[in-house]
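Peer 1: My structure is below; once you've seen it, I'll send some questions.
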């Protein structure tokens, strides 16, 4: 279990984490989300004792990370897959970590096999692809057979087979009663992997709830209607006050302001054939975008073609220099 109480990290020019409190429980996968600059990486670094909090506390199983005598057996972490000696082989990297904790050589071979590194175990890490580097980072996190795992973007660079492997691995570890805490920008994957979500915005917790509840909060009160008589149905429904109709595709309408039974009744009265009525489901990505709309620190500008029009004399000459927004900031 990971517990943060009023966790705060201030820098001279900014507050990266501002009074964050949460509990990451064992037995489930908890996803950690937020826009770039929201404070996710800083929070993970404070959990791991790499950054000292300005205020507040964070513990793993009731103890601060710095107090663990054999931390690899308590917490496995992947915060930066590139933080490896590039001249070492994958096997020697893991053996050096194992030696610091008296971990048996057999365990090193086990995690190499489990993470799919057997064929490259004796190759230098500097020759690895991004995906193989991620697998090595996960192998290091698993080395001490810890009860708690903290993974920052573990599927970054992995192919579809690798992504599925990570998903299956993490859900399996959670099913064993372990604490699994991971961040990712891949919303579709997080929706399949995480049971619970903690979402940060501008250094503060804006959501701490089960994944289904997060999606449910953003659910549209809309009905998707399939009919070969779309134009006729649209005219009928728009007679009702407060109803709006959007044509999604030929024969498919998205209707708001009226529920499915009333749509069916109105269509029946007018002799309109319906092939289907279904609620419109919101994805985790859509829910996330709604929840963090006011918390995005690094926002891209609109398309340059929208901002620079050669037919408008009040606008700059498109052949001249164009200044770009700064959009490259990362999470602190």
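The values are calculated or read from the model by the stated rules, or taken from the named source; none is laboratory data. All figures in this text were calculated on a predicted structure; none of them were measured in a lab. Ideal geometry is used to build each Cβ from the backbone, glycine not excepted, and the neighbour counts take in all protein chains shown.
Peer 1: Quickly run through the stretch 189-216 and pick out the residues that are out of contact with any helix residue (DSSP H, G or I) (no Cβ under 7 Å at 6 or more places or on another chain) and not in a strand (DSSP E or B). I'd like the intermediate steps shown before the answer.
Peer 2: First, the residues of the stretch 189-216 that are out of contact with any helix residue (DSSP H, G or I) (no Cβ under 7 Å at 6 or more places or on another chain): 198, 201-205, 208-210, 212-213, 216.
If the condition is that a residue be out of contact with any helix residue (DSSP H, G or I) (no Cβ under 7 Å at 6 or more places or on another chain) and not in a strand (DSSP E or B), then 202, 203, 212, 213, 216 are the ones that fit.
Peer 1: Follow-up question, since we're still on this one. Residues of the stretch 249-258 being surrounded by 14 or more Cβ atoms within 10 Å (Cβ to Cβ) and under 33 Å from the mean Cα position of the chain (by Cα), which ones?
Peer 2: Let us first name the residues in the stretch 249-258 that are surrounded by 14 or more Cβ atoms within 10 Å (Cβ to Cβ), namely 251-258.
Once the filter is applied, which keeps residues that are surrounded by 14 or more Cβ atoms within 10 Å (Cβ to Cβ) and under 33 Å from the mean Cα position of the chain (by Cα), the stretch 249-258 yields 252, 253, 254, 255, 256, 257.
Peer 1: Among the candidates 163, 198, 111, 155, single out the residue that is modelled with pLDDT under 95 and farther than 14 Å from residue 81 by Cα.
Peer 2: Values: 198 fails: modelled with pLDDT under 95; 111 fails: modelled with pLDDT under 95; 155 fails: farther than 14 Å from residue 81 by Cα.
Checking each option against the conditions leaves just 163.
Peer 1: Looking at the structure I just gave you, is residue 10 on the phi < 0 side of the Ramachandran plot, surrounded by fewer than 16 Cβ atoms within 10 Å (Cβ to Cβ) and outside any helix (DSSP H, G or I)?
Peer 2: Judged against the criteria, residue 10 is a match.
Peer 1: Sticking with this one: Identify, from the list 48, 1, the residue that is surrounded by fewer than 20 Cβ atoms within 10 Å (Cβ to Cβ), within 24 Å of the chain's Cα centre (by Cα) and more than 19 Å from residue 140 (Cα to Cα). If you could, list the steps in order and put the result at the bottom.
Peer 2: Details: 48 fails: more than 19 Å from residue 140 (Cα to Cα).
From the options 48, 1, the qualifying one is 1.
Peer 1: Could you tell me whether any residue of the stretch 140-149 is part of a strand (DSSP E or B) and over 25 Å from residue 91 (Cα atoms)?
Peer 2: Step one: of the stretch 140-149, the residues part of a strand (DSSP E or B) are 148-149.
Then keep just the ones that are over 25 Å from residue 91 (Cα atoms); that gives none.
No: zero hits.
Peer 1: Read through the list (1) crowded, with 16+ Cβ neighbours inside 10 Å; (2) over 29 Å from residue 189 (Cα atoms); (3) at pLDDT 95 or above, then give the number of the only condition that residue 275 fails.
Peer 2: In the conditions (1) crowded, with 16+ Cβ neighbours inside 10 Å; (2) over 29 Å from residue 189 (Cα atoms); (3) at pLDDT 95 or above, residue 275 misses (1) alone.
Peer 1: Does residue 210 qualify as being touching a strand residue (DSSP E or B) at 6+ places or on another chain (Cβ under 9 Å) and either more than 27 Å from residue 3 (Cβ to Cβ) or free of Cβ contacts under 8 Å to residues at least 40 places away in the same chain (or both)? Walk me through how you get there before you give the answer.
Peer 2: Numbers: touching a strand residue (DSSP E or B) at 6+ places or on another chain (Cβ under 9 Å): yes; either more than 27 Å from residue 3 (Cβ to Cβ) or free of Cβ contacts under 8 Å to residues at least 40 places away in the same chain (or both): yes.
Judged against the criteria, residue 210 is a match.
Peer 1: Right, something else. For the structure I just gave you, tell me whether residue 83 is at pLDDT below 95 and either more than 17 Å from residue 182 (Cα to Cα) or assigned to a loop (DSSP other than H, G, I, E, B) (or both). Give the steps one after another, and end with the answer.
Peer 2: Details: at pLDDT below 95: yes; either more than 17 Å from residue 182 (Cα to Cα) or assigned to a loop (DSSP other than H, G, I, E, B) (or both): yes.
Spelling it out, residue 83 is indeed at pLDDT below 95 and either more than 17 Å from residue 182 (Cα to Cα) or assigned to a loop (DSSP other than H, G, I, E, B) (or both).
Peer 1: Still on this structure: Name the residues in the stretch 58-80 that are part of a strand (DSSP E or B) and either surrounded by 20 or more Cβ atoms within 10 Å (Cβ to Cβ) or in contact (Cβ under 8 Å) with a residue 24 or more places away in the chain (or both), would you?
Peer 2: Kept after step one, since they are part of a strand (DSSP E or B), are these residues of the stretch 58-80: 58-60, 63, 75-78.
Scanning the stretch 58-80 gives 58, 59, 60, 75, 76, 77, 78.
Peer 1: Here's another thing I want to ask about it. I'm trying to understand the selection: among the residues of the stretch 31-45, which are closer than 21 Å to residue 146 by Cα and in contact with a helix residue (DSSP H, G or I) (Cβ under 9 Å, 6 or more places away or on another chain)?
Peer 2: 31, 32
Peer 1: Among (1) outside any strand (DSSP E or B); (2) crowded, with 18+ Cβ neighbours inside 10 Å, which single condition is residue 241 missing?
Peer 2: (2)
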